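The values are calculated or read from the model by the stated rules, or taken from the named source; none is laboratory data. Computed from a prediction, not measured in an experiment: that's the story for all the values here. FYI the Cβ positions are ideal-geometry reconstructions off the backbone, even for glycines, and counts take in every protein chain you see.
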Amino acid sequence: MIDFGLLMFSTDYAIGPDILAKEAEAHGFESLFLPEHTHIPASRKSPWPGGDELPQEYWHTYDPFVALSMAAAVTEKLKLGTGISLITERDPILMAKQVASLDYLSKGRVVLGIGAGWNAEEMENHGTPFVHRWKILRERMLAMREIWTEEEAEYHGEFVDFDKIWAYPKPVQVGGPPVLLGASSKYVYKRIAEYGDGWFPIYQNDKRKGANGPVDYAEGIGRTRDAWQEAGRSGEPQFSIFGVGPDAEAVESLLEMGFDRIIFALPSAEPDVVLPMLENYAAIAHKFNA
């Protein structure tokens with residue numbers, strides 16, 4: 001059975017996350033992923049990797065954990081994903097609490113897609129220098145793993161430092177929810193092997209190219225597996241890709257490469273726009289799971 005999910009910027013002018021989640025589960029989707037940006041600096045100095053014009057959904061999006069809590073309350077099986085959560089803009093102790101609470105209350109349905117972000121001014125407003133973003137992400141992620149797994153968690157690093165703490169609830173999923181890294185640089189594969197559970201690139205089409213040029217997805221899957229084995233990790237990494245459009249041939253190609261979760265892109269819009277697209281995606285997914 002192939003997993004199919006949906007991703008949408010959940011905003012104050014679009015279909016509600018509760019309505020979208022109910023429809024997603026009713027149509028057989030495995031997951032719903034929501035992106036995040038706390039804000040967008042008005043200076044607009046950092047170029048958007050997706051093109052010249054930054055869509056307004058980037059500064060109108062809800063906090064993903066609040067929106068996913070609404071989604072959790074009206075569904076039973078739908079997995080609740082971040083696509084992606086910007087660890088560089090979040091306090092690790094507070095975030096560990098938020099993620100664990102959502103996982104506990106939803107009975108273990110969280111999938112944590114994470115990334116460092118592309119907007120230098122945005123993360124610097126949170127006290128994260130752009131040059132240190134991946135080092136900070138690494139320490140915050142490792143610290144959260146400690147909080148999720150240890151009775152008395154502590155972490156001592158360059159950017160995260162705390163003595164023993166008590167923090168509950170623990171996630172239902174042992175060790176915490178699966179962590180998917182949303183990046184496509186040459187460094188991401190070893191990062192996945194060290195503190196992640198899978199690769200989570202964005203789908204590139206003619207309108208959107210990666211910051212480092214076109215991504216060879218088949219090569220990336222192979223390099224992830226190589227890094228996984230070199231690190232002595234057991235089991236298999238997960239391979240999810242988000243931002244896919246209504247293209248059955250593209251879906252088939254991605255599945256042949258080795259992706260095990262395809263996440264379709266929805267616009268941040270009203271129900272009369274979003275729901276027909278959702279039904280179209282469901283029909284495509286059904287072809288592969290018939």
Residues located in segment 73-111, provided they are of a type in the set (A, V, I, L, M), crowded, with 23+ Cβ neighbours inside 10 Å, in contact with a Ser or Thr (Cβ under 9 Å, 6 or more places away or on another chain) and in contact (Cβ under 8 Å) with a residue 40 or more places away in the chain = LEU78, LEU80, LEU86, VAL99, VAL110, VAL111
When you go through GLY5, GLY51, GLY28 one by one, which is the residue that is within 29 Å of PHE288 (Cα to Cα) and surrounded by fewer than 19 Cβ atoms within 10 Å (Cβ to Cβ)?
-> GLY28
Would you mind stating whether ILE192 is β-branched (Val, Ile, Thr) and farther than 22 Å from ALA265 by Cα?
-> yes
If GLY175 passes every condition in (1) touching a Lys or Arg at 6+ places or on another chain (Cβ under 9 Å); (2) farther than 20 Å from GLY81 by Cα but one, which one does it miss?
-> (2)
Just wondering, is there one or more residues in segment 115-130 that are in contact with a helix residue (DSSP H, G or I) (Cβ under 8 Å, 6 or more places away or on another chain), surrounded by fewer than 16 Cβ atoms within 10 Å (Cβ to Cβ), in contact (Cβ under 8 Å) with a residue 40 or more places away in the chain and closer than 26 Å to ALA269 by Cβ?
-> no
Residue among ALA167, ALA183, ALA143, ALA153 that is within 26 Å of VAL99 (Cα to Cα), of a type in the set (Gly, Ala, Ser) and at pLDDT below 95 | ALA183
Residues of segment 86-122 satisfying the condition of being assigned to a helix (DSSP H, G or I) and among the aliphatic types (A, V, I, L, M) = ILE87, ILE93, LEU94, MET95, ALA96, VAL99, ALA100, LEU102, LEU105, ALA120
Filter the strands (runs of 3 or more DSSP E) completely within segment 134-250 down to those with at least 3 residues that are in contact (Cβ under 8 Å) with a residue 12 or more places away in the chain and surrounded by fewer than 21 Cβ atoms within 10 Å (Cβ to Cβ).
-> 161-165
